[in-house]
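The values are calculated or read from the model by the stated rules, or taken from the named source; none is laboratory data. Just so it is clear, the structure is predicted and the values come from calculations on it, not from any experiment. As a convention, Cβ positions derive from the backbone with ideal geometry for all residues, glycine included, and neighbour counts pool all protein chains shown. Accessible surface is based on the protein model in full, side chains and every heavy atom, while ligands, DNA and RNA are left aside. Shrake-Rupley method; radii C 1.70, N 1.55, O 1.52, S 1.80 Å.
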Amino acid sequence: MFPHDYFQYSEATQQQLTFILIHGSWADAHFWDGVAEVLRSQGHTVYTPEYAGHGKDSNKNVTHAMITKSVVDFITKLDLCDFVLVGHSFGGTIIQKVAEQVPDRIKRLVFWNAFVLNDGESVVDEFSPQMRQGFEQLRAGSKDDTIMLPFPLFRDSFVNTATLEEAQRIYVSITPEPAKPLFEKLDLKAFYTLATPKSYIFFSKDNALPLEEGFGWHPHMSKRLGQFRLIVGDGDHFTDAYTRPAMVAHKFYEAGRD
Amino acid sequence: MFPHDYFQYSEATQQQLTFILIHGSWADAHFWDGVAEVLRSQGHTVYTPEYAGHGKDSNKNVTHAMITKSVVDFITKLDLCDFVLVGHSFGGTIIQKVAEQVPDRIKRLVFWNAFVLNDGESVVDEFSPQMRQGFEQLRAGSKDDTIMLPFPLFRDSFVNTATLEEAQRIYVSITPEPAKPLFEKLDLKAFYTLATPKSYIFFSKDNALPLEEGFGWHPHMSKRLGQFRLIVGDGDHFTDAYTRPAMVAHKFYEAGRD
Amino acid sequence: MFPHDYFQYSEATQQQLTFILIHGSWADAHFWDGVAEVLRSQGHTVYTPEYAGHGKDSNKNVTHAMITKSVVDFITKLDLCDFVLVGHSFGGTIIQKVAEQVPDRIKRLVFWNAFVLNDGESVVDEFSPQMRQGFEQLRAGSKDDTIMLPFPLFRDSFVNTATLEEAQRIYVSITPEPAKPLFEKLDLKAFYTLATPKSYIFFSKDNALPLEEGFGWHPHMSKRLGQFRLIVGDGDHFTDAYTRPAMVAHKFYEAGRD
């Protein structure tokens, strides 16, 4: 056995990794500003590609395939390889589809409180009936087939651990989400044949998904990965990327390192 | 995005709130002494009404309606409004019924490892068959239709994280609990029509309820609230109100603030 | 009620206990070196008996009964009494069977992310079909009916929170595990009649068992203990015994004290 203090000095420098970070719904690539800054300060290389229907793209009439293509094109144009591909929330479905198209370029897939859909499922298939009904009403009330989260729902479900001031400042940054990709059923047969190493980061204070039996991030969706590395954090769905980016970055490192 | 250190200075002073704290079984209003002192030191207003069959009330032959009336009368006599109503354990069933009677006075309902009963349920309906049988035996063995927890059960199930000395000192303060209200089936149809904002505080080391599939505080009962704010703590069922009142108070603030 | 700072000084010295620690699969008694050293430094008495098929025993053709006999013989030869018997992982099945044979010598049983088998079950009955199939393949590939964990599986499932260097150093210490005892169905009728006090320590970052609904350490197996004391820690399955032995030792004390 080893002396008790051996390990605490064993990783003075981190293994240098390349991360590609894929945000979720009601966000754009600026969601990653804080986390990417921390990771870069530790010597890692970080990419935060924007995807169709988000950021400066004013066209909200997008499909899931267009979103996936945004990321695949970014990877192939820069000829990126041996990277850790992180998906947050809805971003989980994107990295599932990206992995099908460029599997040999990926070192490891990391799902952070992210959807891992079964073959043939849509995101809303993972909602409880009550939650799905609410989202369909929000969708029906929009003029451009988008869904916007009312502040009370966002505050209690996405940033439940934030102060009111933090919640309001984060809410200012969110924009209506194109609805269609959330309702599209995805062909994921190829994903479930991939031997790519996988990690699941579970933040245990997340309240964004319904917690009925048979729903939820972990273990309900994480277990679909088969063998995977579990990394647990104490954050919620949205707050910590803004308020504790070093904590989030460290979880990405724990999930991504060899 | 915001500078990384923005948020840590953003809440130097707390939003001032009014709390009404409703204790659970085998407790009286002194259960709140430590937590109330902390909250008051932070500028909040705190009420800890006693209810029928508890504290100095020697009459143990009470009904759930009498208990609810104690709290409603307290609120209406003092003409309290815009308060955060917190229920712990059995106190969850009380705030469900109080909310039905004075919904417009309540700012937010906070359930802390508390029962959220379905319409038509009793507290013992949320026990496993084994636990229910044990409680029925304890009830049958009493002379005044109360239930007293034997120390070994209390120590391992209610104060599992406490030292033995803490456990013994807390045990000295508990008294036999009127049995009838735990077995009464409650009409909660009106509760499930209320749009009052709700929070659920879940202390993850709680071992008071059986942990069979289909039982437990969270998410089994919390999910009945529909949309709610989740706040997680690392305490058990009873210990922290005595040993870490500032931690408990902070969780109440996180659950109650806007 | 008590002054708020009362309890923090109430346990300057620990109740002196005797521990017998039973390791799990892919380990030998040296697994306990760090934890035992901490416990002894606090005045406790600690035994870490080796059992058949492990450590210096080159005979891997062992049965579960032979393993149990190793521990029972150790206890009876030293005439040990009033001890806390801790089982980790597969060690849970051993302390179940040991408790059947020497119940009156045991002060308390402590299961640490350990199997609590139903009467008539084997360890592999608690695996998901996918995991069981993987273990059967590993078994079939061995020449001496043992199972060795490939490093990628060990790293992601047993030491998921470790650094790579920690994971590699721990991996060097593990040896092929005799397969037969993992597949043996155990008669545990007597165990389920024992009134011995019981604790379950659950480390919440453990990823060694599948997390399908209806599987897992806690509450799926812990609940079989009936009334028990729950102690929660933030470790994984294997790492902390090496890297945070004082934390593990403290959890053993919390689980074992009166």
Practice task
Give me the accessible area per residue for the range B:4-256, probe 1.4 Å, as a whole number in Å².
Solution key: 37 Å²
Completion exercise
Going through A:Lys56/A:Lys143; C:Lys185/C:Lys223; C:Lys143/C:Lys251; A:Lys69/A:Lys223; A:Lys205/C:Lys223; B:Lys143/B:Lys189 one by one, the pairs whose alpha carbons sit over 30 Å apart turn out to be C:Lys143/C:Lys251; B:Lys143/B:Lys189
Exercise for the section: Work out the FRET efficiency for A:Gln130 and A:Leu164 from their Cβ-Cβ distance, taking R0 = 25 Å, and round it to the nearest 0.05. Expected result: 0.45
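With a ≥ b ≥ c the root eigenvalues of the C-alpha gyration tensor of the protein assembly as shown, is it rounded (a/c under 1.5), prolate (a/b larger than b/c) or oblate?
Numbers: a/c = 1.73, a/b = 1.00, b/c = 1.73.
Since a/c reaches 1.5 but b/c is at least a/b, the shape of the protein assembly as shown is classed as oblate.
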Practice task
Run the quick spin-label model on C:Val102 and A:Asp145: label points 7 Å from Cα toward the beta carbon, then report their separation in nm to one decimal.
Solution key: 7.2 nm
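With +1 on the Cβ of every Lys and Arg and -1 on the Cβ of every Asp and Glu, and nothing else charged, how large is the dipole of chain A about its Cα centre, in debye rounded to the nearest 20? Write out the running numbers ahead of the final one.
Working: 25 positive and 33 negative charges, 68 e Å.
I would put it at about 320 debye.
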Practice task
Could you tell me what percent of the accessible area of the range C:4-256 is made up of carbon and sulfur, with a 1.4 Å probe and every protein chain present?
Solution key: 52 percent
Exercise for the section: Within 10 Å of each Cβ in peptide C:80-86, how many partner chain Cβ atoms are there on average? Round it to a whole number, please. Expected result: 0
Fill in the blank from the handout: So the angle from the long Cα axis of helix A:64-77 to the longest Cα principal axis of chain A, reported in degrees to the nearest 10, equals 30 degrees
Completion exercise
Here the whole-number average of other chain Cβ atoms within 10 Å per Cβ of B:159-168 is 5
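Name the shape class, rounded, prolate or oblate, that the alpha-carbon gyration tensor gives for the range A:96-152, where a ≥ b ≥ c are the square roots of its eigenvalues, rounded holds for a/c under 1.5, and otherwise prolate holds if a/b is larger than b/c and oblate otherwise. Intermediate results must be reported in sequence, preceding the final value.
Numbers: a/c = 2.49, a/b = 2.27, b/c = 1.10.
Prolate, since a/c reaches 1.5 and a/b exceeds b/c.
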Completion exercise
Filtered hits (aspartates and glutamates, Cα-Cα < 19 Å from B:Lys198, offset >= 8 within chain) -> A:Asp156, A:Asp206, A:Glu212, A:Asp236, B:Asp82, B:Glu100, B:Asp104, B:Asp119, B:Glu254, B:Asp258
Handout entry: Proximal aspartates and glutamates to C:Lys60, defined as alpha-carbon separation beneath 20 angstrom and excluding residues fewer than eight positions away on the same chain
Key = C:Asp28, C:Glu50, C:Asp73, C:Glu136, C:Asp144, C:Asp145, C:Glu177, C:Glu184
Handout entry: Rounded D (µm²/s) - chain B, Kirkwood Rh over Cα pairs, Stokes-Einstein at 20 °C, 1.002 mPa s
Key = 115 µm²/s
Problem - Folded to 0 to 90 degrees: helix C:129-140 orientation relative to chain C principal axis, Cα - result: 60 degrees
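Relative to the Cα centre, what is the charge dipole magnitude of the range A:70-163, using +1 at the beta carbon of each Lys and Arg, -1 at the beta carbon of each Asp and Glu, and rounding to the nearest 20 debye? The partial results should precede the final answer.
Details: 9 positive and 13 negative charges, 57 e Å.
Value, rounded to 20: 280 debye.
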Fill in the blank from the handout: With only helices counted (DSSP H, runs n ≥ 4, each -39500 (n - 2.57)), the per-residue ellipticity at 222 nm for chain C, to the nearest 500, works out to -9000 deg cm²/dmol
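Rounded to the nearest 5, what % of the DSSP beta bridges within the protein assembly as shown are antiparallel ones?
The antiparallel proportion sits near 10 percent.
Give me the percent of Cα-Cα pairs in the range B:83-129 that sit more than 12 Å apart, rounded to a whole number.
The answer is 59 percent, as a whole percent.
Grab the beta carbon distance between A:Asp187 and B:Asn59, set R0 = 45 Å, and tell me the FRET efficiency rounded to 0.05. Display every interim value, and only then the final one.
Values: r = 67 Å, r/R0 = 1.49.
The computed FRET efficiency comes out at 0.10.
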Problem - Whole-angstrom gap from the range A:190-258 to the range B:9-71, using each part's C-alpha centre - result: 38 Å
Exercise for the section: Please give the helix A:91-101 orientation as an angle from the longest Cα principal axis of chain A, in degrees from 0 to 90, rounded to the nearest 10. Expected result: 70 degrees
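For an R0 of 41 angstrom, estimate the FRET efficiency from the Cβ-Cβ distance between C:Glu213 and A:Cys81 and round to the nearest 0.05. Walk me through the intermediate numbers first.
Working: r = 38 Å, r/R0 = 0.92.
FRET efficiency, C:Glu213 to A:Cys81: 0.65.
What average number of partner chain Cβ atoms lie no more than 10 Å from the Cβ of the residues making up B:196-206? Don't skip to the answer; put the middle values down first.
Numbers: counts 0, 3, 1, 3, 3, 0, 2, 0, 5, 5, 2.
Whole-number average of other-chain Cβ neighbours for B:196-206 is 2.
About its Cα centre, how strong a charge dipole does the range A:1-123 have in debye, to the nearest 20, once Lys and Arg get +1 and Asp and Glu get -1 at the Cβ? Before the final figure, lay out each step's value.
On the way: 9 positive and 14 negative charges, 43 e Å.
So the dipole magnitude of the range A:1-123 works out to roughly 200 debye.
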